[in-house]
Amino acid sequence: MITWLITVKEIKQHFRDFRTFIFLLGFPIVLMLILGITLTNAFSSEMQLNDIKVLVRDSSSAGLSEAFKAFEKELGATGIAFEQLKPGEDGRKAIEDNRYTAYVEVSDAGMSQYGSSRSAIESNIVQGMLSTFADKYNAAAAVTRDGDPSKAELVFANAGSGDYVKELSIAADRSPGSMDYYAMAMTVMVGLWGAMSVGGLIRSEIVRGTGIRLLSAPIRRGEIYVGKVLGNVVANTLCILAIVFFSKWVFNAYWGAHLPVVFAVLVSEVIMATSFGIAANELVKGGGGRALVMLVVQLTSFIGGAYFPVDDSGVMGLVSWLSPIRWGNEALTNIVYGCNLAAAWPAIGLYLGAALLLLLATASMRRNKEGF
Amino acid sequence: MNVLDIRGLTKKFGDFVAVDNISFKVGEGEIFGFLGANGAGKSTTINMICSLLQPSGGEIRILDRDIKTQSRFAKQSLGIVPQDLAIYEDMTAYENVSFFAGLYGLRGGQLKERTEEALAFVGLGDKAKSFPKTFSGGMKRRLNIACAIAHKPKLIIMDEPTVGIDPQSRNYILASVRKLNESGCTIIYTSHYMEEVEEICSRIAIVDHGKIIAEGTKEQLTATVTDVKDIVIELKTATGGEAERLTGLPGVRKASQEENVIRIHSDASVDNLNRILKRLMEGDSEIRAVEEREPNLEMVFLTLTGRNLRD
Ligand SMILES: Nc1ncnc2c1ncn2[C@@H]1O[C@H](COP(=O)(O)OP(=O)(O)OP(=O)(O)O)[C@@H](O)[C@H]1O
Ligand SMILES: [Mg+2]
């Protein structure tokens, strides 16, 4: 109950200052607009899908093998290249070396795919097509079992490349445009701003002079702390919701079909950002904490691709993974464009793990400490 | 029953002893004055009573219960008016009082009622919806008090509630303190304005360098100064440095000057007024008024420490 009082107070104060409010919402939206429009051209060439090259090891018996050959041929027409595994070649190694987008093993027991994590979107596309193929093959097999092989022919005959490509188009048509990219990148960046709006667990209250009242009231420290964290998380989540829906409805940015999962990633990011803000303000005395937060937020925004997409190949590509912005961008890209919901887990895990570490460190530092 | 009972309280900051083994008791219904110069250790003592600082030694009991073992009870019984304003500038007067009262467990209709009551009590009833940033210094001080009283604490601790405000607001606050006391609150009133303390406190402790150097009613304290007198001389114009010329005259212990008013702390037994006036007139000072003061707390302080309260 006390926690709730403090949470509500925090949210109120968060939105009370009109200038802060305008900055919180206006800045990312304006930036989205400017970057999204001015960089349209530079962008589309950069973000095009890489060529899709699939490595295949087919050890299946005649029926499946033939069907798969047909499937390869259909898709070959769309520009996807299939290559057969050479004897002695290690398919998974080839993926690790990033020579192919995906490696597919076809046997009578089924099909398995190894996707390259470095071209996640493309390998998701391959996965989508494979599952369509599997569905169709199973359907055909069922028909065949019913005793009329000619009908099986029919099933495949109808399966023109368009059928597979339709699956593919969920992703391919939606390779992110510049507005889509910046809507996402700005939102992930605003998530990190949660670090700037929190003034420590109690430090900002002490600076304001009100800490003395909170600490002398008959409440537990934990109630204050949890209230502070919750308040900041809720307030920042509201901002993010506003930005997502604004970009979706006004700028027509694409947010995919799994908004709840998108928000789950963003909320975990806000939790991490909040914990970081708290840790910095509690552990670095004076104004140093705020400065540190500003610096880290700006730096990670920059290297993590908030202002321009990271080129994956170079050193900057590697460095970008140090930025929590990159984790979020990557996860959201996969969720929104690859419909790969599992991509949420690594990001959520990283965010919440980091949050836990930061909060534990802060709590242990504050323990047994006097009010000031 | 003692509302507050402090025994052997000590606080060290590193090697520096800010509060040095002090003991005192405050009974129910008292307005207890805590008088001391800047840095005497008043706020440090109060911060320990509010569990903001942990004592380096000693014991604090509120309503006969140890605050270490029953801190929740102690905190619930306390209302604190901090020396530095403790209000949210970005929340209305009403929201401020209501939030802090909420921390003490007030809810719903009772919370609303008590919040309004507290605001009306400090004369901010019509400012409930205004933000403190639009308030004068005196109004902020009054809001600072309202935030401490809505939960009707048994003991209210006021740490210099009148610093830096106009005389009108000060009188208002002093009157409020008396009214609170009449309604049954015990009050600890900290100040370095001896006039205030003399005016409202039933008992006074004088602190200096972390120690209580005298304690008692105003009469008891002033009765201890029988051997000194204070002479206050008002000049028409002052060039500065007049007071210095008086040092060394027989009986003069200390002479200090604020603009054109000179205060001389002197042995009561030496008849030196003529000599003092003569010395001033030799220096071409024109005298407007001369007054010999009744013994007061300022004199007590000066006698005990050799310094003025506000030096
Ligand atoms: N956290 C601290 N660390 C070190 N020294 C401190 C700390 N807090 C207070 N002090 C010192 O302890 C002494 C007493 O300070 P305190 O604030 O209690 O004085 P005070 O009587 O309230 O004075 P004032 O009238 O200026 O408010 C001062 O010399 C102060 O510098
Ligand atoms: Mg003080």
**OP:** Could you list all residues from region A:4-23 that are within 11 Å of chain B (Cβ to nearest Cβ), more than 9 Å from A:Gly231 (Cβ to Cβ) and part of a helix (DSSP H, G or I)?
**Re:** A:Trp4, A:Leu5, A:Phe15, A:Arg16, A:Phe18, A:Thr20
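Quick check on my filter: what residues within region B:68-94 are within 16 Å of ligand 2 (Cβ to nearest atom) and in a loop (DSSP other than H, G, I, E, B)?
Listed by number, the residues that qualify are B:Pro82, B:Gln83, B:Asp84, B:Leu85, B:Ala86.
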Original post:
For region B:130-146, does any single residue satisfy the condition of being within 14 Å of another protein chain (Cβ to nearest Cβ), touching a residue at least 60 places away in the same chain (Cβ under 8 Å) and not in a strand (DSSP E or B)?
Top reply: yes
Original post:
Looking at B:Asp66, is it surrounded by fewer than 19 Cβ atoms within 10 Å (Cβ to Cβ), closer than 30 Å to B:Gly14 by Cβ and of a type in the set (Asp, Glu)?
Top reply: yes
Subject >> Pair list, Cβ under 7 Å, 6 or more apart: region B:296-310 residue closer than 15 Å to B:Gly216 by Cβ, other residue among the β-branched types (Val, Ile, Thr) and part of a loop (DSSP other than H, G, I, E, B) >> reply: B:Met299/B:Val225; B:Val300/B:Thr224; B:Val300/B:Val225; B:Thr303/B:Val225
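So is B:Ser183 of a type outside the set (Val, Ile, Thr), at pLDDT 95 or above and more than 16 Å from ligand 1 (Cβ to nearest atom) or not? Can you show your working first?
On the way: of a type outside the set (Val, Ile, Thr): yes; at pLDDT 95 or above: no; more than 16 Å from ligand 1 (Cβ to nearest atom): yes.
Against the criterion (of a type outside the set (Val, Ile, Thr), at pLDDT 95 or above and more than 16 Å from ligand 1 (Cβ to nearest atom)), B:Ser183 does not qualify.
Residues checked against (1) in contact with a helix residue (DSSP H, G or I) (Cβ under 9 Å, 6 or more places away or on another chain); (2) within 16 Å of ligand 1 (Cβ to nearest atom); (3) modelled with pLDDT under 95:
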residue: B:Arg7; (1), (2), (3): no, no, no
residue: B:Val19; (1), (2), (3): yes, yes, no
residue: B:Asn38; (1), (2), (3): no, yes, yes
residue: B:Ser43; (1), (2), (3): no, yes, yes
residue: B:Ser98; (1), (2), (3): yes, no, no
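Counting only residues that are of a type in the set (S, T, N, Q) and away from ligand 1 (no atom under 16 Å from the Cβ), which one in region B:186-203 is nearest to the chain's Cα centre (by Cα)? First the steps, then the outcome.
So the first thing to find is which residues in region B:186-203 are of a type in the set (S, T, N, Q), and the list is B:186, B:190-191, B:202.
Narrowing further to those that are away from ligand 1 (no atom under 16 Å from the Cβ): B:186, B:202.
Numbers: B:Thr186: 15, B:Ser202: 13 Å.
In this case the residue turns out to be B:Ser202.
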Original post:
Taking interchain pairs and intrachain pairs at least six residues apart, which have beta carbon atoms under 7 angstrom, with the first residue in region B:82-109 and over 17 Å from A:Gly211 (Cβ atoms) and the second β-branched (Val, Ile, Thr)?
Top reply: B:Tyr94/B:Thr115; B:Val97/B:Thr115; B:Ser98/B:Thr115; B:Ala101/B:Thr115
Original post:
For B:Pro161, which of the numbered conditions (1) within 13 Å of another protein chain (Cβ to nearest Cβ); (2) of a type outside the set (Phe, Trp, Tyr); (3) within 16 Å of ligand 1 (Cβ to nearest atom); (4) not in a strand (DSSP E or B) fails to hold?
Top reply: (1)
**OP:** Of the conditions (1) surrounded by fewer than 22 Cβ atoms within 10 Å (Cβ to Cβ); (2) more than 9 Å from every other protein chain (Cβ to nearest Cβ), B:Ala93 clears all except one; give me its number.
**Re:** (1)
Original post:
Would you pick out the residues in region A:181-226 that are of a type in the set (Val, Ile, Thr), outside any helix (DSSP H, G or I), surrounded by fewer than 24 Cβ atoms within 10 Å (Cβ to Cβ) and modelled with pLDDT under 85?
Top reply: A:Ile202
Original post:
Assuming A:Thr274 fulfils every condition listed in (1) among the polar types (S, T, N, Q); (2) more than 14 Å from every other protein chain (Cβ to nearest Cβ); (3) over 30 Å from A:Trp345 (Cβ atoms) apart from one, which condition is it?
Top reply: (3)
Original post:
Pick from region B:33-48 the residues that are farther than 17 Å from B:Phe301 by Cβ and under 16 Å from the mean Cα position of the chain (by Cα): which of them is nearest to the other protein chains (Cβ to nearest Cβ)?
Top reply: B:Asn47
Original post:
Got a number for residues in region B:52-90 being out of contact with any helix residue (DSSP H, G or I) (no Cβ under 9 Å at 6 or more places or on another chain) and either under 21 Å from A:Phe15 (Cα atoms) or facing another protein chain (nearest Cβ under 7 Å) (or both)?
Top reply: 2
Original post:
Is it the case that A:Gly115 is closer than 30 Å to A:Gly317 by Cα and in contact with a helix residue (DSSP H, G or I) (Cβ under 6 Å, 6 or more places away or on another chain)?
Top reply: yes
Original post:
Quick one: what pairs do we get from region B:154-176, first residue under 18 Å from A:Arg213 (Cα atoms) and assigned by TED's automatic domain parsing to the domain that holds B:Glu195, second within 12 Å of ligand 1 (Cβ to nearest atom) and in a strand (DSSP E or B), C-beta under 6 Å, 6+ apart or different chains?
Top reply: B:Asp159/B:Thr190; B:Glu160/B:Thr190; B:Glu160/B:Ser191
Subject >> region B:210-229 residues that are within 18 Å of B:Phe24 (Cβ to Cβ) and in contact (Cβ under 8 Å) with a residue 60 or more places away in the chain, paired with ones that are among the hydroxyl-bearing types (Ser, Thr, Tyr) and surrounded by 13 or more Cβ atoms within 10 Å (Cβ to Cβ) (beta carbon under 9 Å, 6 or more apart) >> reply: B:Gly210/B:Thr10; B:Gly210/B:Thr44; B:Gly210/B:Thr45; B:Ile212/B:Ser23; B:Ile213/B:Thr305; B:Ala214/B:Thr224; B:Lys218/B:Ser202; B:Thr224/B:Thr303
Original post:
Among the numbered criteria (1) in a helix (DSSP H, G or I); (2) at pLDDT 85 or above, which single criterion is violated by A:Glu46?
Top reply: (2)
Original post:
Looking at B:Ala223, B:Ala243, B:Ala214, B:Ala205, which one is touching a Phe, Trp or Tyr at 6+ places or on another chain (Cβ under 6 Å) and modelled with pLDDT of 85 or more?
Top reply: B:Ala205
Subject >> Sole residue being free of Cβ contacts under 8 Å to residues at least 60 places away in the same chain and of a type outside the set (Ser, Thr, Tyr), chosen from A:Leu241, A:Leu215, A:Leu266 >> reply: A:Leu241
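Look through region A:61-108, keep the residues that are part of a strand (DSSP E or B) and of a type in the set (A, V, I, L, M, F, W, C), and return whichever of them is surrounded by the fewest Cβ atoms within 10 Å (Cβ to Cβ). It would help to see each step written out before you state the result.
Quick first cut of region A:61-108, residues part of a strand (DSSP E or B) only: A:81-84, A:102-107.
Then drop every residue that is not of a type in the set (A, V, I, L, M, F, W, C), which leaves A:81-82, A:102, A:104, A:106.
Details: A:Ala81: 14, A:Phe82: 19, A:Ala102: 25, A:Val104: 24, A:Val106: 21.
Across region A:61-108, the extreme among qualifying residues is A:Ala81.
Before we move on, is B:Asp166 touching a helix residue (DSSP H, G or I) at 6+ places or on another chain (Cβ under 6 Å) and within 13 Å of ligand 1 (Cβ to nearest atom)? Please lay out each step first, then the result.
Working: touching a helix residue (DSSP H, G or I) at 6+ places or on another chain (Cβ under 6 Å): yes; within 13 Å of ligand 1 (Cβ to nearest atom): no.
In short, no.
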Original post:
When only residues in region B:172-222 that are surrounded by 15 or more Cβ atoms within 10 Å (Cβ to Cβ) and polar (S, T, N, Q) count, which is farthest from ligand 2 (Cβ to nearest atom)?
Top reply: B:Thr222
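The values are calculated or read from the model by the stated rules, or taken from the named source; none is laboratory data. Keep in mind the model is a prediction, meaning the values are calculated, not measured. All Cβ positions, even for glycine, are placed from backbone atoms using ideal geometry, and neighbour counts span all protein chains on display.
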